[in-house]
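The structure under discussion appears below in the form of structure tokens.
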Amino acid sequence: MNYSIRLIACSLALFASTQLNAQQTVLIKQDSTKKIQTLFQGKINSFGLSVSPTFQFGPMGPQAGMALALHLNNKWEIGGSFTRSLRGNRDDFAMAPQLGQQFHALSIAYTAKANKLIHLSFPLLIGAITSRNEVAPIGIMDPNTQPNPIMGGHGGMRDGGMFWDGPKSLGIQPGVQVELNVLKHLRVFTGANYRFAVGENSTDAMRGFVGTVGLKVGLFDRSLKTKKK
């Protein structure tokens, strides 16, 4: 009797172990056949290049810059951008640093329906914000200038350069843009963004709303497929 019970118990244990191994094998097979999920699903079918002069306005003052981007599948844009303050608050001796800034950034943007006449794009900039810490211009003797009739001497004076040695901070700028396809290789856009400044050197003058207007000039959707003859 005890032998029969032991036999039945061993049989049940063996059966359960076999079923568990079979289920694990099925799960492994199902997972191995499942395709990996990536940022760019499928193949890259087209590419493009564009150059974008931009103008920005907001609490940080007017800024102008340029962006260069690689376009993939007429949806994704990856590149770099640079903007710089156009002016600062200057008195008779120095320029206040509040509006003196430059922003170097990696740019990523997604556009869902770029072939529509009017469409939306969602850019994201991540980079470094540098403030211009300016003092009074430095007088430098320049023998190439004409003699100063008031100061006298054989050489005039010229202003020394200003230095970008102010606080530096990490800048993150998400936004949304409305774009218009003017021509096949020309788009105009306007957008609203918000620039965050992160880090112990960040200041209130580095962050705030940023309005943008600009152009995109380039080749946006060049097919990689070769035409059959």
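All of the numbers you see were taken from the coordinates with simple rules; none came from a lab. What you see is a predicted model, and the numbers here were worked out from it, not measured in a lab. Note that each Cβ is placed from the backbone with ideal geometry, even for glycine, and that neighbours are counted across all protein chains shown.
Numerical summary
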| quantity | calculated |
| --- | --- |
| Distance violations [Cα-Cα > 23 Å] among LYS75/LYS168; LYS75/LYS116; LYS43/LYS113 | LYS75/LYS168 |
| Backbone N within the range 170-189 under 20 Å of label point (7 Å from GLU200 Cα along the Cβ vector) | 170-172 |
| Under 5 Å, built H, 5+ apart or other chain: amide partners of ARG222 | PHE47, GLY48 |
